[in-house]
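A.B. asks: A single structure is presented below for examination.
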Amino acid sequence: MTISVILIKIYASMFEKLQERLEATFKKLRGYGKLTEDNIKETLREVRVALLEADVNFRIAKEFLEKVKEKALGEDVLMSVTPGQQFIKIVYDELCELLGATNKPLDVSGSPPVSIILVGLQGSGKTTTAGKLALVLRKKGRRPLLVPSDIYRPAAIEQLTKVGKQLNIPTFAVPQLKEPLAICKEAKAYAMKNGFDTMIVDTAGRLHINDEMVNELVDQKKFLNPRETLLVLDAMTGQDAVSIAGTFDAKLGVDGVILTKLDGDTRGGAAISIKAVTGKPIKFIGIGEKFDALEAFYPERMASRILGMGDVVSLVEKAQEVFDERQAKDLERKLRKDEFTLEDFKDQIKQMKKLGSLESIVTMFPGFNKVKGMINFSEAEKDIKRVEAIINSMTMKERAHPNIIDGSRRVRISKGSGTSVNDVNNLLKRYMEARKMMKKLTKGGMKGLQRQLFMR
C-alpha cells in the first residue's frame, strides 16, 4: 500500500454496523436478475432488521419502509434494466428525507451581538462544543465571545475559560456574578462595548430535566432573544437522546440539534431518528475530541456514508481547509521540476495528519467497506510514526539527495530512529514510488489521482 493511501483517515466507526448490514443486503439484491414483489419484501425485512439494530425509532423505521416499499413496487423500478440500483436510489432518497433533506445552516443574522444558546443535560459535551462552535464561526470571519453561565457544576466556568485560552477566543468570566441571568446581561453589555458580533452562551445542565433548570433557561432565552437555541445531545445515548430532544423542545423550544460523540456511535439510530421524531434539524455533528472536530450536518452526505457510497465532497472541503494554497503551488512546481525531496515528503505527512486520526478519511471513499478488513489502521498509524522518525534521523543533505544514502548511512539512520535497516529501505522505496505517482498527478489531474488510489 502506498503512503498516499495509508495517510487517508478519520470517522471510521460512524454507522459501522448499519453500513455493513445494508451493504450485505444490497449486494444480495443486485444478484437478482429482476425484482419481484417477493424479493422486494424480503429485502425490506432485512433493511428493517438493520434499522432496528441501529437503534432507529420503531415508528420511524416502519414509516420509512412503507415509503420505500410504495416506490419500489412501482412499474419504473420493476421494469428497469437495473432494478437493484433503482431500489438503492429509492432507499438513498428516502434516507436523505428522513435525515432532514437539506443542510440547515446556522442563523447568525441580525444586529450584533447575535446570541446562540447551548442547552442540554450534564455530560452531553456543551462546554467543549461551545469552543468548537466558536472556532467554526471565527473561521467564517465572525468575532465570537464565549459566555459561561453554568454556576452549579464545579469548575464549569474555569473549563470554558481554559477552552477559550487554548483557541485564543475571549471568554466573559466574572467570578463575582452568581446568577445566570446577571451573567447574560453583563456579557451582552461587554460584547456591545468591545465589538463582539456573536455570543455563545454555555448554560447549566442537570442530570435530568427539572422545572428549576427550565425556568432558568427560559429567563436567559427571554432576555437574550437568541437567533439559535441549540440542543447538545450525546449520540451514544441512542433513543434516550431522541426523547430528551422532544422534552427540551416542548418545554423550551429549540431551533436545532448538535449531536456529539458521533464518532463513537457505531449504530447511528439517534442521528437517523431525531429529525423525524422532533422536527428539529441536526445542524452540527461532533466527530472527535479535537476542537476542529465539528462538522456541519449534510443529510445527503450522511446518507451516502450510511449506504457505503462515500462522501468525497466532505473530504475535499476538509482538505481545502487544511492545505495551504501557496504550499500546494510550491509543491506542484517541485514535482514538475523533479525536486520533490524527503523533507517535502515529511511535510505532506504533517499536512495529511491535520485531516484527522487514521481510521477513516477512507470511509469517505466509495466502497470503503469492501476493503476495510484488508487495512490494519493501528499498524498504519505506527508506520507513519516510523516514517517521520526515520526522516528526522537524516541530515538535511540526505533528505534533499536520498541517492547518497548508502549502506552505512542506512545503518546510522535506523539506529538513530529506533527502527531497522529494512524499515529505512522500505521508506526509500515508498518515497520513490510516491515521487513517481505525484509527478503523474501533475499531468493527469483528478483522473490520475483516482487511478492511483483505486487501481492499486
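A.B. asks: Report the residue count in the range 409-456 for those that are part of a helix (DSSP H, G or I), over 17 Å from Arg399 (Cβ atoms) and at pLDDT below 75.
C.D. replies: Of the residues in the range 409-456, 18 are part of a helix (DSSP H, G or I), over 17 Å from Arg399 (Cβ atoms) and at pLDDT below 75.
A.B. asks: Going through the range 30-60 one residue at a time, which ones are in a helix (DSSP H, G or I) and modelled with pLDDT under 70?
C.D. replies: From the range 30-60, those in a helix (DSSP H, G or I) are 30, 37-53, 58-60; that's our starting set.
Within the range 30-60, Arg30 is the sole residue that qualifies.
A.B. asks: Taking the options Phe223, Phe196, Phe172, name whichever one is of a type in the set (Phe, Trp, Tyr) and out of contact with any strand residue (DSSP E or B) (no Cβ under 6 Å at 6 or more places or on another chain).
C.D. replies: Values: Phe196 fails: out of contact with any strand residue (DSSP E or B) (no Cβ under 6 Å at 6 or more places or on another chain); Phe172 fails: out of contact with any strand residue (DSSP E or B) (no Cβ under 6 Å at 6 or more places or on another chain).
Answer to the selection: Phe223.
A.B. asks: Kindly indicate whether Gly367 is at positive phi and either modelled with pLDDT of 75 or more or out of contact with any Cys (no Cβ under 8 Å at 6 or more places or on another chain) (or both).
C.D. replies: Considered against the rule, which asks whether it is at positive phi and either modelled with pLDDT of 75 or more or out of contact with any Cys (no Cβ under 8 Å at 6 or more places or on another chain) (or both), Gly367 comes out as yes.
A.B. asks: Something else now. Of all residues in the range 205-257, which are of a type outside the set (D, E, K, R) and in contact with a Gly (Cβ under 7 Å, 6 or more places away or on another chain)?
C.D. replies: Matches in the range 205-257: Gly205, Thr229, Leu230, Leu231, Val232, Leu233, Met236, Gly238, Gln239.
A.B. asks: Would you mind finding the one in Gly269, Gly256 that is surrounded by 18 or more Cβ atoms within 10 Å (Cβ to Cβ) and touching a Leu at 6+ places or on another chain (Cβ under 6 Å)?
C.D. replies: Gly256
A.B. asks: Answer yes or no as to whether Arg153 is charged (D, E, K, R), without any contact (Cβ under 8 Å) to a residue 60 or more places away in the chain and under 26 Å from Pro105 (Cα atoms).
C.D. replies: Answer is no for this residue.
The values are calculated or read from the model by the stated rules, or taken from the named source; none is laboratory data. No experiment lies behind these values; they were computed from the predicted model shown. Here Cβ is always computed from backbone atoms with ideal geometry, including for glycine, and neighbour counts include all displayed protein chains.
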